[in-house]
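Colleague: Pasting in a structure now, in C-alpha cells, and then I'll have a few things to ask.
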Protein chains: 2
Amino acid sequence: MQTTATGLTQAEETATRTDICAAPPPRHPRPDGQDRYTISEVVAFTGLTAHTLRWYERIGLMDHIDRSHTGQRRYANRDLDWLDLVGKLRLTGMPVADMVRYAQLVREGDTTYQERHELLEATRRDVLARIAELHDTLAVLDRKISFYADAQHARGTERTR
Amino acid sequence: MQTTATGLTQAEETATRTDICAAPPPRHPRPDGQDRYTISEVVAFTGLTAHTLRWYERIGLMDHIDRSHTGQRRYANRDLDWLDLVGKLRLTGMPVADMVRYAQLVREGDTTYQERHELLEATRRDVLARIAELHDTLAVLDRKISFYADAQHARGTERTR
DNA sequence: CGCTTGCTTGGAGTGCACTCCAAGGTCATA
DNA sequence: TATGACCTTGGAGTGCACTCCAAGCAAGCG
C-alpha cells in the first residue's frame, strides 16, 4: 500500500532525473506527521487553496478523503502523491476533465492499465511538443532581446516591434 | 519599414535556431499577395478566428488595421509578423493584458526600449522555468509509462495510481 | 436584379478553473 | 469554559480568453 505507480516515493522520483539544473531538493518537504493531515497542512504543502482541494474532491479528481470522527478531512501521504501528480499534469496544460478521466480509470482498477498507458503516452507527446514550441519561442525572444540590447544606445531608424 | 525587431523576416527568424529537430519549413507560408489580406485570409494563415482577430484589435493588442475604401480590414505583412509574435507569447502563457502592455510600449516609440527589453527578459526567464518544469513532468510521465508498460502482462498487487 | 458570400458593429454569452460566501459546527489554548 | 482560529456545506460569483449573435452593408456573379 501507499506506493506510487512506480513504487517510489515522490522524493525519490524527483531526485532521479537531472536534466538541466542539478536536482533541487524536493521542494515539497512533507509535513511528515502521522499521515493524517488537515486541509490547511495540505494547503501549505501544495500551494493550492482549501477551496480548490474541496473542489477537486467534488468533481472526482480526488477520491473521497478520509474523515476524522467529526467529519473533517484528513489527508494521507498517498493523497499528497496524487496531488503532486495532478500538479505536474496541470503544468502540461491538461484539462481538468482529462485528469478526472484518469482518476476514474484508477478507481476502476487493474483492467484499465491499457487505457491509462495510452493516456499517459498521449500526454507525453503533448509535453514534448510544448517543449519544442517553447524552444522556438525562446529563439524569437533571444533575437528580439539582443536587438534591444544592441539598440540601447545606438537607436536605428527602422520600424521596430 | 516592414522589418521585424531584428530586421529579419519571420521565415528567416524561424530557420535560425535548430535546437532539437532539424528546422521545419516555416509552417505559415504567407498568402503573399499584395500585402493587403482580408480577414479570412488571415484566419487561414494564423488559425485564429475572425472574432478573435477583431477582438485583439478592440483591446489594443493590435494597431488599428488598414481599411479598404468600404471599411473592410486589410492586413499587411507586418500585422502578420505581429500576430506571429503574439502567438508565440501566448504559448508561453503570457496573459493577454501583458501583451497589450507590450503593444502599448511599441506604440509609444523609441523611448520605451528599456522597458520592452526588461519585459522580454522577464518573459525569457518564465519560458526557461516552464521548460524546466516540463522536463520534470516528463520524467514523472516516463516513470509511470514504463511502469504500465512493464505491468501490461505481469500485474502486480500493489496499489497503483 | 437577385442571390450568395463575406464583412461590419456593439454587446451579450460561453467554458474553464477556480474563488468566495453564509451559516454553522469543531478544536486548541488560556 | 470561553474565545478565536479552523473546518464544513451547497451554491453563487469571478476573471480570463475568447465566441457568438443580430442586423445590416458590400462585392461578385448569372
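Colleague: For the charge dipole of region A:23-150, defined by +1 on Lys and Arg C-beta atoms and -1 on Asp and Glu C-beta atoms about the Cα centroid, which residue among A:69, A:140, A:91 has the Cα displaced farthest towards the positive pole?
Modeller: Projecting each Cα onto the dipole axis, the largest value belongs to A:69.
Colleague: Specify the inter-centroid distance of region A:35-79 and region B:57-89, based on alpha-carbon positions, in whole Å.
Modeller: Between the Cα centre of region A:35-79 and that of region B:57-89, the gap is 47 Å.
Colleague: Point me to the residue of chain A whose C-beta lies closest to the A-onto-B rotation axis, rounding the distance to whole angstrom.
Modeller: A:131, 3
Colleague: So if R0 is 35 Å, what FRET efficiency would residue B:55 and residue A:133 give, r being the distance between their Cβ atoms, rounded to the nearest 0.05?
Modeller: On the way: r = 23 Å, r/R0 = 0.65.
That pair, residue B:55 with residue A:133, gives E of 0.95.
Colleague: OK, next. Would you mind listing the distances between the residue B:54 label point and the same position in each other copy? Use 7 Å along Cα-to-C-beta, nm, one decimal, shortest first.
Modeller: Taking the point 7 Å beyond Cα along Cα→Cβ, the inter-copy spacings are 4.2 nm.
Colleague: I've got another one for you. Give me the one-decimal nm value for the distance between modelled label points at residue A:70 and residue B:111, 7 Å along each residue's Cα-to-Cβ direction.
Modeller: Distance between the two pseudo-spin positions: 6.2 nm.
Colleague: Next up: Shortest first and in nm with one decimal, please list how far the residue B:128 label point sits from its counterparts in the other copies (point 7 Å along Cα→Cβ).
Modeller: List, nearest first: 2.6 nm.
Colleague: Also, I was wondering about something else. Going 7 Å from Cα along the Cα-Cβ axis for the label, what nanometre distances separate residue B:67 from the same residue across the other copies?
Modeller: 6.3
Colleague: Under a cut-off of 28 Å between alpha-carbon atoms, report the lysines in cross-link reach of residue A:88, not counting same-chain residues fewer than 8 places apart.
Modeller: B:88, B:144
Any read-out appearing in this document is the output of simple, stated calculations on the displayed coordinates, not a laboratory observation. Keep in mind it's a predicted model, so treat the numbers as computed, not measured. Please note: Cβ atoms are built from the backbone with ideal geometry, for glycine as well, and neighbour counts cover all protein chains shown.
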